[in-house]
Every structure is written in C-alpha cells, then in structure tokens.
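The next block holds one structure in the form of structure tokens; read it before the comments.
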Amino acid sequence: MSRHFNSARALVGGALVAACVAISTADAQAPGPSPAKIAVENRKAEFTLVGNFFRWFGAVARGNAPYDEAEAKKRAARIAYLAEFLDESFPEISNVGEPDSKAKPEVWKEKADFDKKLAKFKDDARIFAETVAKEKGATEAFKTAVANLGQDCKGCHDSYKAK
C-alpha cells in the first residue's frame with residue numbers, strides 16, 4: 001500500500017511541476033505592457049504622488065491648513081525622493097502616442113529645455129526638503145520654498161503637459 005501511495009505522490013508531484021512549468025512558460029510568452037506604456041504608467045504614478053504630497057503644502061502656505069512639523073518633513077522627504085525617479089520617466093520610446101500620456105511631443109522636441117526644467121525641479125525638491133527640515137512652522141522661508149517648487153511644477157505643466 002505504501003508503494004501505491006508513493007507512486008501516487010510522485011505522479012501528483014510531477015503533475016504539479018509540469019503545471020508550474022507550463023504556467024511560467026505561458027507567462028513568459030504572454031505579451032505584457034509595452035515599455036512605452038510602462039514609462040507612462042510610472043510617470044503618472046510618480047507625478048500623482050508628488051501632487052498628492054505637495055497639495056497640503058499649498059494649503060498650509062495659504063493659511064488654509066495647520067502646519068504639522070512631522071507631516072511636513074515626511075511629505076517633503078517623499079517629494080524629494082520621488083523627484084529622483086523622474087529622469088527615467090521620459091524615455092524616447094514613450095513618445096509614440098500612448099493614449100494615457102499627457103506629455104506633449106515638445107518634451108522630446110525640446111529635450112534640453114525639458115531636462116533643464118526637470119533638473120531644476122529635482123534641485124528645488126531637495127532644497128525644499130532641507131528647508132522644511134530646518135523650519136519650525138509656516139515661516140517666510142517655508143512659503144518661499146513652497147512657491148519655488150510650485151512654480152517649477154507650473155512652468156513644466158504650461159510647456160510640456162497637455163490639458
């Protein structure tokens with residue numbers, strides 16, 4: 001009886017291995033999203049997060065939300081961190097008419113200017129996080145840092161983002 005049981009276990013085990021191989025082979029052959037679509041999805045996610053974290057700062061700077069030091073530090077650090085990913089989010093391949101992209105063709109036609117604006121945003125995001133880490137409230141330095149980063153966003157959106 002144990003011999004029959006061992007044979008059945010071996011048969012089931014073999015079937016499981018074969019099924020796993022078949023599934024992994026099918027997954028490897030299944031077409032996934034194109035590199036262009038992945039780039040668009042990544043940058044949309046990155047900018048959505050940056051916007052979500054930054055929106056609160058605008059409210060604080062205008063006096064519409066209370067300043068919370070821990071919250072400010074956390075959000076500013078996240079914005080600076082996410083800004084570092086943006087260089088990789090606009091590969092040439094993603095300028096091929098992805099329907100979900102709001103990036104204008106000018107991103108790639110005026111690449112030097114776009115890269116300059118992106119580098120400024122990254123620098124200002126780092127400076128913003130450093131300023132927020134030093135300030136203990138919605139000070140003038142805090143408000144200036146919020147305004148600078150907001151202008152970076154607006155400048156790029158005006159030139160390179162479809163409405």
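The values are calculated or read from the model by the stated rules, or taken from the named source; none is laboratory data. On a predicted model such as this, the values are computed, not experimentally measured, just so you know. Neighbour counts are summed over all protein chains in view; Cβ atoms, including those assigned to glycine, are modelled from backbone coordinates with ideal geometry.
In the range 90-109 there is no residue matching the filter, namely being within 19 Å of Ala125 (Cβ to Cβ) and surrounded by fewer than 18 Cβ atoms within 10 Å (Cβ to Cβ).
With the structure loaded, tell me whether Ala80 is among the hydrophobic types (A, V, I, L, M, F, W, C), under 16 Å from Ala133 (Cβ atoms) and assigned by TED's automatic domain parsing to the domain that holds Arg126 or whether it fails that test.
On the way: among the hydrophobic types (A, V, I, L, M, F, W, C): yes; under 16 Å from Ala133 (Cβ atoms): yes; assigned by TED's automatic domain parsing to the domain that holds Arg126: yes.
Against the criterion (among the hydrophobic types (A, V, I, L, M, F, W, C), under 16 Å from Ala133 (Cβ atoms) and assigned by TED's automatic domain parsing to the domain that holds Arg126), Ala80 qualifies.
Looking only at the range 117-141, residues that are under 23 Å from Leu49 (Cβ atoms) and not aliphatic (A, V, I, L, M) come to 11 in all.
Find the residue count for the range 60-99, including only residues that are without any contact (Cβ under 8 Å) to a residue 40 or more places away in the chain and at positive phi. Number of matching residues: 1.
Of the residues making up the range 83-96, just one is assigned to a helix (DSSP H, G or I) and more than 21 Å from Pro33 (Cβ to Cβ), namely Ala83.
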